[in-house]
Amino acid sequence: MRTALYTSPHLVDARERMLVDDRPIVPEAFARWTEVLKASVEATEASFFEATTAIAFADFAARGAELAVVEVGLGGRLDATNVLTPLVSAVTHVTRDHSEYLGESLTGMAAEKAGIAKPGIPFVVGETDPELREVLEQHAAAAGAHVVIVPDGARYDGRLGLAGAHQRRNAAVAQAVLHELEPELRPGEASVRRAFASARLPGRFDCRGKWVLDVAHNPAGAGALAAALGETDAPAPRHALVGIMRDKDWADMLTRLERAVDAIWVTIPPTAPAERCWELEAVQRRFPQVTAELDFDRALAGVQRGAETVVVTGSFHTVGDAMARLPGFPPLG
């Protein structure tokens, strides 16, 4: 089947967000859909994400996609992607993120995420926290969805191209999603095992030579990265280049990362909006042992000195800006 994938945010090129059969939208089509949809975007005062979602769906239709995997951008209930009626919907895990929009309450975030549940549609729940899982179940059931709970101990036990224990849990959730598809759409077990063995996500514990790039951008992500580093034999000394947005719990993130590396350089990624950039002076007051370098290129060069492994993390901006500057990370075709 001709299969589409919509994800966000992107690392280097906005066209990464919209793939059909692993091929990104071509620049000419991206420009053309932007032109066609411009009046509607302006009339509705659509956000960047809402506009790219409209472009993606238009592109998928134009390229004849028969099936699409669509990642929610933020929350769920009011997310632009929620205009779809899916074949299956899923929530992998609820963690504190986007608090400025979703509030500080994890149960409130769970309720927002459950907003993607639809009447009569399977709703797969991967969350293991009993309280949060109950919120997801209750809201989905109230919407008339068919709730499917992934057991707490479920982990994918086959070969997996993605590193980290958290990815084995994610793979188990993905298996449950595939199982809920209609039989004619459901891939066979051999196909799933081959696909999972070769699965790869750019910027998600992405190991290339001495580089480890991971877009961990909240405490849970930083903790998963630290755990994954602990499970690998990446040679020491391990240095980390970190750039985090000011609206994240950067102190908790750095505390978790410190346990897994030998030195940390903090910097500001050039593509990050100025109003979202953290203050390096405040970071160094809290963590005087880190090296602060405002200039991203100097930081990228400096963090490599004396390092056998270099970890780049903290945000999509940080990882994307590093990818754009490093050899071996080609842009989209």
Exactly one of Phe60, Phe123 is part of a helix (DSSP H, G or I) and of a type in the set (Phe, Trp, Tyr), and that one is Phe60
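Tell me, which helices (runs of 4 or more DSSP H) lie completely within segment 278-325 with 3 or more residues that are out of contact with any His (no Cβ under 9 Å at 6 or more places or on another chain) and free of Cβ contacts under 8 Å to residues at least 24 places away in the same chain? Please lay out each step first, then the result.
Working: elements: 280-286, 296-302, 316-323.
Helices (runs of 4 or more DSSP H) meeting the threshold: 280-286.
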Sort out which residues of segment 150-176 are touching a residue at least 60 places away in the same chain (Cβ under 8 Å), of a type in the set (A, V, I, L, M, F, W, C) and under 14 Å from Ala224 (Cβ atoms), and write them in order of number. Ala163, Ala165
Here is a check on your reading of the model: is Leu201 more than 30 Å from Ile244 (Cα to Cα) and either open to solvent by 20 Å² or more (accessible area, probe 1.4 Å) or assigned to a helix (DSSP H, G or I) (or both)? no
Could you run through segment 175-187 and say how many residues are open to solvent by 40 Å² or more (accessible area, probe 1.4 Å) and either within 12 Å of Gly158 (Cβ to Cβ) or part of a loop (DSSP other than H, G, I, E, B) (or both)? 8
Going through segment 228-238 one residue at a time, which ones are open to solvent by 50 Å² or more (accessible area, probe 1.4 Å) and over 10 Å from Val261 (Cα atoms)? Glu231, Asp233, Pro235
Checked pairs for segment 204-228, first on the phi > 0 side of the Ramachandran plot, second in a helix (DSSP H, G or I) and hydrophobic (A, V, I, L, M, F, W, C), C-beta under 9 Å and 6 or more apart or across chains, list as Phe205/Ala224; Phe205/Leu225; Phe205/Ala228; Phe205/Leu229
Quickly run through segment 138-174 and pick out the residues that are in a helix (DSSP H, G or I), modelled with pLDDT of 95 or more and surrounded by fewer than 17 Cβ atoms within 10 Å (Cβ to Cβ). Gln138, Ala141, Ala142
Lone qualifier among Arg63, Arg77, Arg32 - being open to solvent by 70 Å² or more (accessible area, probe 1.4 Å), touching a helix residue (DSSP H, G or I) at 6+ places or on another chain (Cβ under 9 Å) and charged (D, E, K, R): Arg77
Arg17 meets each of (1) over 14 Å from the mean Cα position of the chain (by Cα); (2) surrounded by 15 or more Cβ atoms within 10 Å (Cβ to Cβ); (3) at pLDDT 95 or above with one exception, condition (1)
Residue check, Ile268 against (1) surrounded by fewer than 21 Cβ atoms within 10 Å (Cβ to Cβ); (2) in contact with a strand residue (DSSP E or B) (Cβ under 7 Å, 6 or more places away or on another chain), all met but one. Which one? (1)
With respect to the numbered conditions (1) over 13 Å from Val311 (Cα atoms); (2) open to solvent by 20 Å² or more (accessible area, probe 1.4 Å); (3) touching a residue at least 60 places away in the same chain (Cβ under 8 Å), which one is the sole condition not fulfilled by Asp252? (3)
Those residues of segment 121-137 which are under 21 Å from the mean Cα position of the chain (by Cα), free of Cβ contacts under 8 Å to residues at least 40 places away in the same chain and open to solvent by less than 40 Å² (accessible area, probe 1.4 Å), in sequence order: Phe123, Val125, Glu127, Leu132
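The values are calculated or read from the model by the stated rules, or taken from the named source; none is laboratory data. Quantities reported herein were computed from a predicted structural model and do not represent experimental measurements. Neighbour counts are summed over all protein chains in view; Cβ atoms, including those assigned to glycine, are modelled from backbone coordinates with ideal geometry. Surface areas here come from the heavy atoms of the whole protein model, side chains and all, with no ligands, DNA or RNA. Shrake-Rupley method; radii C 1.70, N 1.55, O 1.52, S 1.80 Å.
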